[in-house]
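Heads up, the thing below is written out as structure tokens.
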Amino acid sequence: MRQLSYLVAGLLLLAVVRAAETVVDDGEALVNAFVTDVVTFSGDFEQSLIDPDGRLLETTSGTLEIQRPGRFRWVYEEPYEQWLVADGTNIWSYDVDLEQVTVKPQADALANTPALLLGGSGQAMDQFEHGGSFVESGLTWVRLLPVDTDSGFRRVELGFDDGRLSRMVFLDNLEQTTVVVLKNVVVNEPIDAARFEFAIPDDVDVVGKPVAAKLTAD
């Protein structure tokens, strides 16, 4: 099955050496506001995967929808179609061309990953440390460092345009960089709950077994 970088979903290249960085103090507050105040988030994305030598390995694009806490739908449309759907209990990965669905318990699959910043609860920031903030090219960038050094990622950088998330950069432990550019972003508008439900299509291979949702008392 084709392996895609997390997200979770850009630019052809962000300069490895950042020029004219201006340190700012409000970056951490921007991330906290995004994690705690944004309930729904939707838009289009363009994603690029860059190797340690700065070569472009892959570009993809599609749409994303987030409903906090714990639900998101990340759909790759080009160059091939793949769905990532988190329903709050399981995360479903559906490769349309290969006619294969992989399902994993959501808590295990997303633990200590940048996806927690997008679809997690307000406690998602407990798994990251603030690594500094700066302004570059009109964006306020916030650098986050995973508390768990075995998370697979060395750092995450979030770029905010006038307080709204518009860029994400993930540097993994293989020195590969994933850059995600967000477009046509809509915040805190209702999203149909059915968008975060996954029905297994007929005649597909299913890898893994979903876990049952926990019942909550009224």
Residue by residue through the stretch 180-189, the couplings from Karplus 6.51 cos²θ - 1.76 cosθ + 1.60 with θ = phi - 60°, in Hz, x for Gly and Pro, are 10, 9, 9, 9, 6, 6, 10, 10, 6, 10
Of the residues VAL75, GLN106, THR60, the Cα lying farthest along the dipole of the stretch 22-200 towards its positive end, which is defined by charges on the beta carbon of Lys, Arg, Asp and Glu, belongs to GLN106
Residues ARG195, ARG71 in order from fewest to most other beta-carbon atoms within 10 Å are ARG195, ARG71
Ranked from fewest to most other Cβ atoms within 10 Å of their own Cβ, GLU157, GLU78, GLU136 fall in the order GLU78, GLU136, GLU157
Counting only DSSP loop positions in the stretch 59-96, the chymotrypsin sites (Phe, Trp or Tyr not before Pro) whose Cβ has at most 16 other Cβ atoms within 10 Å are TYR80
Net charge near PHE170 (other residues with Cβ under 10 Å of its Cβ; Lys, Arg +1; Asp, Glu -1) is 0
Rounded to two decimals, the Rg over Rh value of the stretch 22-200 from Cα coordinates and the Kirkwood Rh reads 0.94
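The numbers here are math on the coordinates, done by the rules we state, and not lab data. Remember, it's a predicted structure, so these values are computed and weren't measured experimentally. Every residue, glycine among them, receives a Cβ derived from its backbone with ideal geometry; neighbour counts consider all protein chains shown.
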